[in-house]
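Here is the structure we will look at.
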Amino acid sequence: GENVEQHPSTLSVQEGDSAVIKCTYSDSASNYFPWYKQELGKRPQLIIDIRSNVGEKKDQRIAVTLNKTAKHFSLHITETQPEDSAVYFCAAGGYQKVTFGTGTKLQVIP
Amino acid sequence: GAGVSQSPRYKVAKRGQDVALRCDPISGHVSLFWYQQALGQGPEFLTYFQNEAQLDKSGLPSDRFFAERPEGSVSTLKIQRTQQEDSAVYLCASSPWTEQNTEAFFGQGTRLTVV
């Protein structure tokens, strides 16, 4: 089955700086890569996703890149704000089933 | 309702007790997923339904876990003879089931504590 590794497990950045979270996956058949944000005690919410026929996707301050050859994908958050503080999960799979990474706790320091 | 609804929000069970967790998906969503999330971990896949058909139950940790969705809408996750290692948040998610719209919407989860 799919195995997703996510790094780092914790990340602290100053407000306004960029944050980068990286994930690797094992199953070359995976074609869907969503990223979820989960605030403390709340449900995971999709923030951006990318499919295997696209190398990069951007939505305002958030961007995701995908390298299918190397089987890794990354989340980039620019101009970080305190409200970006949360746990971020990457996932990989198909639209029937995804496997989640272990999460990155992002802290944005004002 | 506007989102995925799960009940109860919190459940405390004595070891050995059976529990049933309910999920009301977004109306019209064909796909329904159950995940188990341990403290400080990512959600782990348990099972997946397309309408009433359970297409994948590979993530269910033991035969004490059983899920159903008899009419293709509401789903119930049942855990028999609960053990302490079953303590976790159980998340339900639903999705429209199209290649164009694959976003999974999560419920608030049920926090199960087995004592």
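Throughout, read-outs are computed from the coordinates displayed, never taken from laboratory work. Not measured: the values here are computed from a predicted model. Glycine gets a Cβ as well: all are built from the backbone with ideal geometry, and neighbour counts include every protein chain shown.
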*Out of (1) touching a residue at least 24 places away in the same chain (Cβ under 8 Å); (2) in a loop (DSSP other than H, G, I, E, B); (3) within 14 Å of chain A (Cβ to nearest Cβ); (4) surrounded by 14 or more Cβ atoms within 10 Å (Cβ to Cβ), the odd one out for B:Leu39 is which?*
(4)
*Might you let me know whether the stretch B:86-101 holds any residue that is out of contact with any helix residue (DSSP H, G or I) (no Cβ under 7 Å at 6 or more places or on another chain) and away from chain A (no Cβ under 14 Å)?*
yes
*Tally time: how many residues in the stretch A:32-77 are of a type in the set (Asp, Glu), assigned to a strand (DSSP E or B) and closer than 19 Å to A:Pro8 by Cα?*
0
_Kindly evaluate A:Asn31 against the criterion of being in contact (Cβ under 8 Å) with a residue 60 or more places away in the chain, more than 26 Å from B:Gln108 (Cβ to Cβ) and polar (S, T, N, Q)._
yes
*Which members of the stretch B:51-88 meet the condition of being of a type in the set (Val, Ile, Thr), assigned to a strand (DSSP E or B) and surrounded by 21 or more Cβ atoms within 10 Å (Cβ to Cβ)?*
B:Ile79
_All but one of (1) within 23 Å of A:Thr102 (Cβ to Cβ); (2) in a strand (DSSP E or B); (3) without any contact (Cβ under 8 Å) to a residue 24 or more places away in the chain; (4) away from chain A (no Cβ under 14 Å) hold for B:Tyr48; state the number of the condition that does not hold._
(4)
